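Before any comments, here is the structure.
The values are calculated or read from the model by the stated rules, or taken from the named source; none is laboratory data. Every value quoted in this text rests on a predicted model; they were computed, and no experiment measured them. Heads up, the Cβs are rebuilt from the backbone with ideal geometry, glycines too, and the neighbour counts pull from every protein chain shown. Heavy atoms of the whole protein, side chains included, go into the accessibility calculation; ligands, DNA and RNA do not. Shrake-Rupley method; radii C 1.70, N 1.55, O 1.52, S 1.80 Å.
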Amino acid sequence: MDRALSEKPTAEKVPQSGAAGVVLNGHYLPPPADKDGKQWVRTSALILKPVSDLYELWRDVEKASLWQEQIVEVRATGPKTSHWVMLTGDDPDKSIEWDSEVLNDEPGKRIAWNSIGGDSDNAGEVIFETAPGGRGTVVTVLQEFHMSKLASAWETLTGRNPKQAIIENLRHFKALAETGEIPRTQGQPHGPRGTSGKTKKSLYGETIATPPGGQRIAS
Amino acid sequence: MKAVCWMGTSDVQTMTVDDPKILNPHDAILKITRTAICGSDLHLYDGFIPTMESGDILGHEFMGLVEEVGKDVTNLRRGDRVVVPFTIACGNCIFCKKKIWSACDNTNPNAHLMEAAYGYSGSGLFGYSHMMGGYAGGQAQYVRVPFANVGPLKIESDLPDEKVLFLSDIFPTGYMAAENAQIEEGDTVAVWGCGPVGIFAIASAFMLGAARVIAIDRLPERLEMARNFGAITVDYSEEDVDVLTAIKDLTGGMGPDSCIDAVGLEAHSTELQGFYDKVKTAVMLETDRPSVLRQAIQAVRKGGTLSIPGVYGGLLDKVPFGAAFGKGITMKMGQTNMHNYMKPLLERVEKGQIDPSSIISHRITLDEVPEMYKVWRDKRDNVTKIVIDPWAERAA
């Protein structure tokens, strides 16, 4: 297989199996297809921080509310278990809650989790790998969820497709890790929006609160 | 505070809005001392750039005094005088580290909108649509500057605002256009559009070694400005003038080594294709009017370089890609990597090599801005560049 070219001084070994099933035997595999009410999303980001820093930030579950949309509180209930509270709209009294458990914890490499009761049925894993050429860390998230109270509340009340929310959360994680804050425009001045402006805000996903990021660390 | 708000296509109003406040640890608030209207603001005014929302504060060329800083801004203090680049960059992502600041990964809160349109998102921009971040702009009395530890350039000399204001966009944009043109000593360079970016591209082409610059426009005041900066001018609106012939005549039939399109998506054309593009964009079969781009691809010599600082937003029709391939040309383009150029260009201004304020034709108040957008769009009143003092009252 590998013998057609012998002169490749900076090439890295082709992985036989990659993060979250991206590569198998040197060949790209697409993410799992949605099936039987189960939805999948796979997304990745290149982050210029050491693998260990990123692993630690992700593993610190109580900090998830700094960078995950609509998550207002995460409480560690044991070494591997945590309790999650998520807003389902603008009303702070309307929320859904669930418990989650870390199933597989490989420090500096991979974290896998599963919900264990409550309003959400989800499971996921995050993998941290050094990028090709040593240029930062590739963080890959693979998450599955059943269309349940969580997913439907998320979409109908926040206007954000839950798959897009996973993508946005990884983007927020990257911004927080690289810069110490999450870019935001909510709270800046503007003239009257009118009906069209308000419709566009919702259409563009701007009505979803940007997670606090460095705001809360700052205070 | 007072601010200029986009309220719809061809509808800009000066309104009273809330003052900006610190929202993130790397933010700063500036009291704006001078700001300007950019040619690219006309693309917003004319409704060519999607994802504008009524109430958006316009403006991306501004400078001022630091009023307040967030807790993680360590390099600026209240009272510092700064010019702010129109592209917002975090300084820490892989693109900032590569000095491709306008491609910053971490400054566009609406990155998903740009990803859908362009594949990947660029940096956030001030006052330039929600796809580009939705940041409030600087045609106002105050502005919030995110990542103020990275972008703003401190002005420590006593140069007047007007001489350094254009470091916020158009001077670096013209300079990067000339750099992208890959000019070698003795080259001939053709520049389409003698607005502010075209003029700074002409000046920068000479700084980088051009022997001759050919400048193309139709407005007498702009052509005169181009000649003042040392270019040979071609007025494409004159009877019997054919730009391609003119360019061949002025280059011994070889064509320019480099061409610079400093016009962009709303090109005006006297030819039939101009009408064609107007109709197609009106019925939304095309988003941009690329008549200059077509001409520049035709005009550039074999193996030459085409540099594009003019803004394009979407889908272009009938771009002669066969000509581009057939001649083996190089094209370079994109939003300006501001942070690379501000300091070296400030030094040129400080040394007196160039006086950027020489292009200013109008000095106005915030209340006069709405009517000046019309004047600027219609190119009336010999307008070449409009600068705003946001604290001046309208003359009685």
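Send over a whole-number figure in Å² for the accessible area per residue of segment A:9-53, probe 1.4 Å. Write out the running numbers ahead of the final one.
Values: 3020 Å² over 45 residues.
Computed with neighbouring chains in place, this is 67 Å² per residue.
Have a look at segment B:38-57 and report residues whose accessible surface goes down by 50 Å² or more when the remaining protein chains are included, against the chain on its own, probe 1.4 Å, ligands and DNA/RNA excluded.
In segment B:38-57, residues shielded by partner chains: B:53, B:54.
Give me, ordered by chain and number, the residues 5 or more places off residue A:72 or on other chains with an amide H under 5 Å from its own placed amide H.
A:85, A:86, A:87
Per residue, how large is the accessible surface of chain B? Use a 1.4 angstrom probe and give square angstrom.
Per residue, chain B has an accessible area of 38 Å².
If you build the Cα gyration tensor of chain B and take the root of 5 times each eigenvalue, what three semi-axes come out, in whole angstrom, biggest first?
33, 22, 22
Net charge around residue B:255, counting only other residues with Cβ within less than 13 Å of its Cβ (Lys, Arg = +1; Asp, Glu = -1)?
Numbers: positive: B:212, B:248, B:301, B:302, B:327; negative: B:187, B:249, B:257.
Around residue B:255, the charge tally is +2.
Restricted to Cα positions, what overall size does segment A:34-141 have along the principal axes? Three whole-Å values, descending.
47, 32, 28
For chain A, with all protein chains present and a 1.4 Å probe, just round the carbon and sulfur fraction of the accessible area to a whole percent.
C and S atoms contribute 53 percent here.
Where in segment A:31-48 does accessible area fall by at least 20 Å² between the isolated chain and the complete protein assembly, at a 1.4 Å probe radius?
Output list: A:46, A:48.
Filter the cross-link list B:2/B:154; A:8/B:327; B:31/B:379; A:200/B:99 down to pairs whose alpha-carbon distance in this structure exceeds 27 Å.
A:8/B:327; B:31/B:379; A:200/B:99
When Cβ neighbours within 10 Å are restricted to other protein chains, what is their mean count per residue of peptide B:1-9?
The shielding value for this peptide is 2.
Across peptide B:107-113, what mean number of C-beta atoms from other chains lies inside 10 Å of a residue's C-beta?
Numbers: counts 3, 4, 13, 5, 5, 7, 4.
If you average over the peptide's residues, the count of other-chain Cβ atoms is 6.
Restricting to bridges with both residues inside the protein assembly as shown, how much of the DSSP beta-bridge set is antiparallel, in percent to the nearest 5?
Of the beta bridges lying entirely in the protein assembly as shown, close to 75 percent run antiparallel.
Rounded to the nearest 0.05, what FRET efficiency do residue A:25 and residue B:227 have when you use their Cβ-Cβ distance and R0 = 60 Å? Before the final figure, lay out each step's value.
Details: r = 66 Å, r/R0 = 1.10.
In this case the efficiency is close to 0.35.
Averaged across the residues of B:70-77, what count of C-beta atoms belonging to other chains lies within 10 Å of each residue's C-beta?
Mean partner shielding for this stretch: 2.
To the nearest 100 Å², how much accessible surface do chains A and B cover up together, summed over both, with a 1.4 Å probe?
Rounded to the nearest hundred, the buried surface is 3100 Å².
Taking only Cα atoms of segment B:174-333, what ratio of Rg to Rh do you get with Rh as the Kirkwood inverse-distance radius?
Here the Rg-to-Rh quotient is 0.94.
What order, most packed first, do the peptides B:55-68, A:36-49 have when packing is the mean number of other Cβ atoms within 10 Å of each residue?
B:55-68, A:36-49
Amide H of residue A:190: which non-local residues (sequence gap of 5 or more, or other chain) have their own amide H closer than 5 Å, using H built in the peptide plane?
Long-range HN contacts for residue A:190: B:18.
Report ³J(HN,Hα) in whole Hz for each residue of segment B:302-312, in order, from the Karplus equation J = 6.51 cos²θ - 1.76 cosθ + 1.60 where θ = phi - 60°; Gly and Pro get x.
4, x, x, 10, 10, 10, 10, x, x, 7, 10
For segment B:174-333, what % of the accessible area comes from carbon and sulfur atoms, probe 1.4 Å?
54
Of all trypsin sites (Lys or Arg not before Pro) in segment B:228-325, which ones are in loop regions per DSSP and have a Cβ with at most 15 other Cβ atoms within 10 Å? All intermediate terms of the calculation are to be shown ahead of the outcome.
Values: sites: B:248, B:278, B:280, B:294, B:301, B:302, B:318; in loops: B:301, B:302, B:318.
Answer by residue number: B:302, B:318.
Looking at segment B:271-376, I'd like the Rg to Rh ratio, where Rg is from alpha-carbon atoms and Rh is Kirkwood's inverse mean 1/r.
Reported Rg/Rh, Kirkwood definition of Rh: 1.07.
Under 8 Å for C-alpha pairs, at least 6 residues apart: give me the relative contact order for chain B, rounded to a whole percent. Working shown, then result.
Working: 970 pairs, mean separation 68.3, N = 396.
It comes to 17 percent, rounded to a whole number.
Just to compare against my own numbers: the Cα pair-distance distribution for chain A, 10 Å bins, whole % per bin, please.
7, 30, 34, 19, 7, 2, 0
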